[in-house]
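The values are calculated or read from the model by the stated rules, or taken from the named source; none is laboratory data. All values derive from a computational prediction rather than experimental measurement. Please note: Cβ atoms are built from the backbone with ideal geometry, for glycine as well, and neighbour counts cover all protein chains shown.
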Amino acid sequence: MASNYVVLERDQPTQGVRELAFAGDGVRLAGQIDYPKTNSHTSSIPLMVVLPHAGCNKRSMSWHYADIALAMGYAVFRWDKRGTGHSGAGGRGSATMDAVLAYETAIEQPRIDPNRVVILAQGDGSRLLLNTYESIAQMLAPAGIILVGNMIEPELITTIKTRLHIIQGEADWNDWKEYARDAVTVHQATYNYGASYYVARNANRFLNVSQGEKGPFHFGAKQQLCEWLNTL
């Protein structure tokens, strides 16, 4: 697999953040990988790759998930979508291919354990994952998938051929009974990966307790993420 990125900040990965510029689909993209301090001397670290919601264009908007994963000993890869943050803008190419190339860049980073790569897809990111999963799995099949605010219908959820966990806010505009409970039921009936789900009571699509994107992050959802990541 050919490298398609340039390290912008040449600090040692053990010191925290590694800034990257990499080739998207006809556009230059910017991202970063954060390494957990608790594993500063570990040669093989699990990785979380974040696929953001359509409204979460900048990598900084995924900080809740990054902080949780880092605390659990995971490295975290995020990037700015085309036309936002430090990424370039271009009329050619697609966000779908950008996601595939971002995943390729993520799994090429130093000290990553290829057997413990997890993708967290939020909202529209779940649809993006649906459209890219086969391409991603051909490069390196993820050990697990977390869907936050899932938008994949139950009849399509079997495209995800790995361990699956869905976290749905009770106040999400997609009914949790269909997009969490029913989706997991279909996945369980097809595969033996042990799919599971959690409903964050009184939480919205972003897992905030109050309406809007500014409320506190749901405590139970945070605990669920920690427990699920710890099982890998």
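Among A137, A89, which is in contact (Cβ under 8 Å) with a residue 60 or more places away in the chain and of a type in the set (G, A, S)?
After applying the criteria, what remains is A89.
Does any residue of segment 172-192 turn out to be of a type in the set (A, V, I, L, M, F, W, C), closer than 15 Å to N150 by Cα, assigned to a loop (DSSP other than H, G, I, E, B) and modelled with pLDDT of 95 or more? No, every residue in segment 172-192 fails to be of a type in the set (A, V, I, L, M, F, W, C), closer than 15 Å to N150 by Cα, assigned to a loop (DSSP other than H, G, I, E, B) and modelled with pLDDT of 95 or more.
Where helices (runs of 4 or more DSSP H) fall entirely within segment 34-139, those with at least 1 residues that are under 21 Å from H218 (Cβ atoms) are at 63-71, 124-139.
Of the residues making up segment 123-134, those that are touching a residue at least 60 places away in the same chain (Cβ under 8 Å) and either in contact with a Gly (Cβ under 6 Å, 6 or more places away or on another chain) or surrounded by fewer than 21 Cβ atoms within 10 Å (Cβ to Cβ) (or both) are G123, D124. Confirm whether P142 is part of a loop (DSSP other than H, G, I, E, B), touching a Pro at 6+ places or on another chain (Cβ under 9 Å) and either of a type outside the set (A, V, I, L, M) or more than 19 Å from C226 (Cα to Cα) (or both). Criteria not met by P142.
The rows are residues; the columns are (1) over 29 Å from N230 (Cβ atoms); (2) at pLDDT 90 or above.
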site: A2; (1), (2): yes, no
site: Q15; (1), (2): no, no
site: P36; (1), (2): no, yes
site: N39; (1), (2): no, no
site: I68; (1), (2): no, yes
site: H86; (1), (2): yes, no
site: T105; (1), (2): no, yes
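In the set (1) at pLDDT below 90; (2) touching a Lys or Arg at 6+ places or on another chain (Cβ under 9 Å); (3) surrounded by fewer than 17 Cβ atoms within 10 Å (Cβ to Cβ), the condition left unmet by G26 is number (1). Taken as a whole, the condition of being in contact with a strand residue (DSSP E or B) (Cβ under 6 Å, 6 or more places away or on another chain) and within 22 Å of L232 (Cα to Cα) applies to A180.
If the condition is being over 24 Å from N230 (Cβ atoms) and of a type in the set (D, E, K, R), then segment 107-130 contributes E108, D124, R127.
Beta carbons closer than 6 Å, at least 6 apart along the sequence or on distinct chains, pair a first residue in segment 160-173 that is at negative phi and touching a residue at least 60 places away in the same chain (Cβ under 8 Å) with a second that is surrounded by 24 or more Cβ atoms within 10 Å (Cβ to Cβ) and among the aliphatic types (A, V, I, L, M) for H165/I146.
Yes or no, residue by residue, for (1) crowded, with 22+ Cβ neighbours inside 10 Å; (2) farther than 23 Å from A69 by Cβ; (3) touching a helix residue (DSSP H, G or I) at 6+ places or on another chain (Cβ under 7 Å):
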{"site": "I167", "(1), (2), (3)": "yes, no, yes"}
{"site": "A189", "(1), (2), (3)": "no, yes, no"}
{"site": "S196", "(1), (2), (3)": "no, no, yes"}
{"site": "A203", "(1), (2), (3)": "yes, no, yes"}
{"site": "L207", "(1), (2), (3)": "yes, no, yes"}
{"site": "P216", "(1), (2), (3)": "no, no, no"}
{"site": "N230", "(1), (2), (3)": "no, no, no"}
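Within segment 218-232, residues that are farther than 17 Å from R205 by Cα sit with their Cβ atoms under 8 Å from residues that are assigned to a helix (DSSP H, G or I), at 6+ positions apart or across chains, in these pairs: C226/I68; C226/A71; L229/I68; L229/A69.
The sole residue among I119, I166 that is modelled with pLDDT of 95 or more, touching a Pro at 6+ places or on another chain (Cβ under 9 Å) and not polar (S, T, N, Q) is I119.
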